[in-house]
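Laboratory data are not the source of any read-out in this text; all were calculated from the coordinates shown. Every value quoted in this text rests on a predicted model; they were computed, and no experiment measured them. Every residue, glycine as well, gets a Cβ built from its backbone with ideal geometry; the counts of neighbours run over all protein chains shown.
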Amino acid sequence: MTVCIDNAQHLLIIENGAHCSIVARDYLDNYFPNWEKQLFPTKAKNFKSSSGKMTSIGIIIKEIHKGVLTGDRLPEDDPLEDLLNEFRKGLFRTTLTSKQDLSFLKILRKNRLAFAIGEETLGKIRGHDMEQYLEVERPYPPMLRRPSYQESLGTRKEIEKHINQLLDMDFIRKIGYNDIVDITTPVLITYHDGKSRLCGDFRALNNYTKDDRYPLPRMPHALEKLAKKYIIKMDCMKGFHQNGVRPNSMKLLRIICHMGIYEVLSKCTPINLEISLKKCNFGQQELLALGHKVSGLSLAIDQNKVAAVLQKPVPKNIKEMQSFLGFASYYRNHIKDFCHITSSLYKLCSKDVVFEITKERRDAYDRIKDELTNSAVLIFTAFQLPFKLYIDSACSQGLGAAPHQRQIVDGEPREGVICYISRQLKYAEARHILRWKIAIQDYGGNMTIIYKEGRSHTNADGLNRWPLDNVKSNPDYDPEVAAK
């Protein structure tokens, strides 16, 4: 066939006759030193040949310099084709040049052992102490011994498929009748991207286990690192089952379904953290991450995450209201006047306040839902460009600001908001507000201050004139103010 490479036509002869050769370890040791570093994993564990049953250890790809053209085709279930197809599916490189595309392929080939092609085997962790430890005080509460859920026939088939797969991979074992069972967790089936997932409903167990206090990174800081032209997303294959578990914690993770009770095997402890190539995106200029739609220039709310919340009815108790406010607060940087809109809802969660949804609170709830749907698209900070900081210093109750920048978008200069900021002043801060106003005068040489009337200054003025109430659900809660 004729192919075009770098705008030049070349005649290409493809060898598709004997598409693979079966060789022994001795042959590889003699003719291909360091062949283990070039080994790709394969789905085919065992196969039959004229000499009997054989076990496959992997695939090595070598260039063919001479060959003859035949009429044979590569079979659809060929393991080599499966491997190449998996790499093609993981690469969405529509915006990359041919040179960049080739660079990505070289990087993947160099790090191919980090990717799990099939779902039958995983590697082993080396040099890292990664073990999950769960602790529940005895005696175990009776509600932790839970029965399986009722499932439809279709759901049962999906559960059976996942359970059998985990059994084949030696991730779990079935509990016998003589085993002592104190804790069982029912499983359910969820769907993502049209594919089913087996999930344990560990909500009851979470109420009795000690929290892992390891500090997580702040989400805004993580999202800020995605302000690049090209973005990569990688996901681990069966990440839950790749977590090491201490032997004395395995009994707490037993799951139950219509097929019986199963627990994690000790073999799960040493398995490697491998990446699922099917879930990878390379060379993307826009993708979904941490509940946001991220591009190299802007940051928007992922409406798929918001859709489920918008369908829920008005909260009926404090717990439901706190859950809704916690979700909305995660996106508060996108919502102008967030403190003003939610002030009545936060007050509803205060101590000694009767839970009643008045018209004012219902309007606030509906407005927040509307703001989540039609929120502002934020731009990433470009530190090499000047800033415009919209603030209001006339109010002594709270702080409000909206930093802006003028950046080049689609070839044209446009001013955009970086984020909306608001919080209530603490008691000590409110008492000495004039001192702080005098202190910031030292920075006047690095900025130009322009006065704007409040009526024309709505982007920041509304944020501090209606600051968030000083309640425990407020991230800036001040116990000193509450005591007074």
Q: Describe numerically, in nm with one decimal, the distance between label points set 7 Å from Cα along Cα→Cβ at D363 and at K37.
A: 7.1 nm
Q) Roughly how many nanometres apart are two label points built 7 Å out from the Cα toward the Cβ at K316 and S21? A) 7.2 nm
Q | Efficiency of FRET from Cβ geometry, K279 and I61, R₀ 22 Å, rounded to 0.05 | A | 0.40
Q. Between Y230 and L389, what FRET efficiency comes out of the Förster formula 1/(1 + (r/R0)^6) with R0 = 30 Å and r the beta carbon distance, rounded to 0.05?
A. 0.50
(Q) Between D179 and Y214, what's the calculated FRET efficiency when r is the beta-carbon distance and R0 is 41 Å? Round to 0.05. (A) 0.80
Q | Size of the stretch 324-415 as Cα extents on the principal axes (Å, biggest first) | A | 53, 32, 19
Q) Over the C-alpha atoms of the stretch 142-285, what are the Rg and the largest Cα-to-Cα span, Dmax, in Å? A) 17.9, 59
Q) Taking the mean number of other Cβ atoms within 10 Å as a proxy for protection, how do you rank 206-219, 337-350 from highest to lowest? A) 337-350, 206-219
Q | Backbone HN-Hα couplings from phi across the stretch 185-193 [Karplus 6.51/-1.76/1.60, Hz, Gly and Pro as x] | A | 10, x, 10, 9, 10, 10, 10, 9, 6
